[in-house]
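Input: a single structure, listed below in structure tokens.
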Amino acid sequence: MRDSVASPSSGKVLISKDTAYWVMVLIPAGFLASLYLTPVVHVMVRSVTEPVFGFGNYAIILENKAIQTVLGKTAYICFITTALTLTLGYIVSYAMVQAPPREQRLMFFLVVLSFWISVLIRTFAWIAVLQPRGLLNDALIGLGLIDQPLRLVRNDIGVIIGMVHYMLPYAILPLFANMQTIDKSLVPAARMLGASPTRAFFTVFLPLSLPGVAGAAILVTIFSSGFYITPALLGGGKVVMVAEYISVQMQETLKWGLATSLATCLMLVVLTLAIVMSRFMDVGSAGKAR
């Protein structure tokens, strides 16, 4: 007989424990779902009802050259940011896995420590470093390596540097988690069978770490596609990505229909990308890599 909850006074069964469990799970889950889904549904509905009912806002996205330029710039910066972040993150994660336990804990702490620093503070720090009279240009001019300051802000370079710096922990953590599941005896075994260090890495270790690479790529791409503060400040208005463009449409031009349609497209693209990449790369097999 299933366990049940009984009344203390009468001893009668009031509700089974299974039912009580599902009630305690479904009520808060439904509450949280309403908090998340209600604004999303509102945005989607507004994209087809303002200024008039229909898909006119989506037609504007397909026809407007300025919007297509913004979307192209967003895709370009996301691609470069993801590629650089994965490369640097993979190197750091590999070094962490190979490090002794004490150094590994220190490196892990430094990676997690970056989450405590506000993205706004990081961005202003990069402005101080990269601006024409900033620390980097002053150092290069003082060393005689350059005669004129390098243009490192208000362009793609500054935006990419700031985004890569912010995204690195989001790449390092899933890569490190995946690499820890790889049997450390596999690479030495390949070496014993005659493989060079490079061949052992590319034929044994790298394929087993691909699920972590896929997971990191998904996280970085999702965050990069909706980045707002760093492109707005380091780009200085000259590098406009889709999040900043949506903000302009909502706050300045008051084109809520166009803004919500862009937000809906961005959400659908991110969801589709996550589903396709997770299935193609089989992210769920990360724990089976051994």
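The values are calculated or read from the model by the stated rules, or taken from the named source; none is laboratory data. As the structure is a prediction and not an experimental result, all values here were calculated from the model. A quick note on method: Cβ atoms are made from the backbone with ideal geometry, for glycine too, and the neighbour counts reach across all protein chains shown.
For the stretch 115-159, residues that are within 30 Å of Thr69 (Cα to Cα), in a loop (DSSP other than H, G, I, E, B) and not hydrophobic (A, V, I, L, M, F, W, C) total 7.
Where helices (runs of 4 or more DSSP H) fall wholly inside the stretch 1-114, the ranges with 3 or more residues that are at pLDDT 90 or above and closer than 30 Å to Gly162 by Cβ are 65-98, 101-113.
Check every one of the helices (runs of 4 or more DSSP H) wholly within the stretch 187-256 and list those with 2 or more residues that are within 20 Å of the chain's Cα centre (by Cα) and over 24 Å from Leu168 (Cα atoms).
Working: elements: 197-200, 206-225, 229-235, 242-251.
Ranges flagged: 242-251.
Report, by residue number, each residue of the stretch 111-123 that is over 14 Å from Tyr170 (Cβ atoms) and surrounded by 13 or more Cβ atoms within 10 Å (Cβ to Cβ). Scanning the stretch 111-123 gives a single hit, Thr123. Taking the conditions (1) surrounded by fewer than 12 Cβ atoms within 10 Å (Cβ to Cβ); (2) farther than 21 Å from Met96 by Cα in turn, Ser185 satisfies each one other than (2).
I'd like to verify a number: residues in the stretch 63-104 that are in contact with a Phe, Trp or Tyr (Cβ under 9 Å, 6 or more places away or on another chain), among the hydroxyl-bearing types (Ser, Thr, Tyr) and buried (at least 20 other Cβ atoms within 10 Å of the Cβ), how many? Qualifying residue count for the region: 4.
Yes/no per residue for (1) touching a residue at least 12 places away in the same chain (Cβ under 8 Å); (2) more than 30 Å from His42 (Cα to Cα):
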| residue | (1), (2) |
| --- | --- |
| Leu175 | yes, yes |
| Arg191 | no, yes |
| Gln251 | no, no |
| Lys255 | no, no |
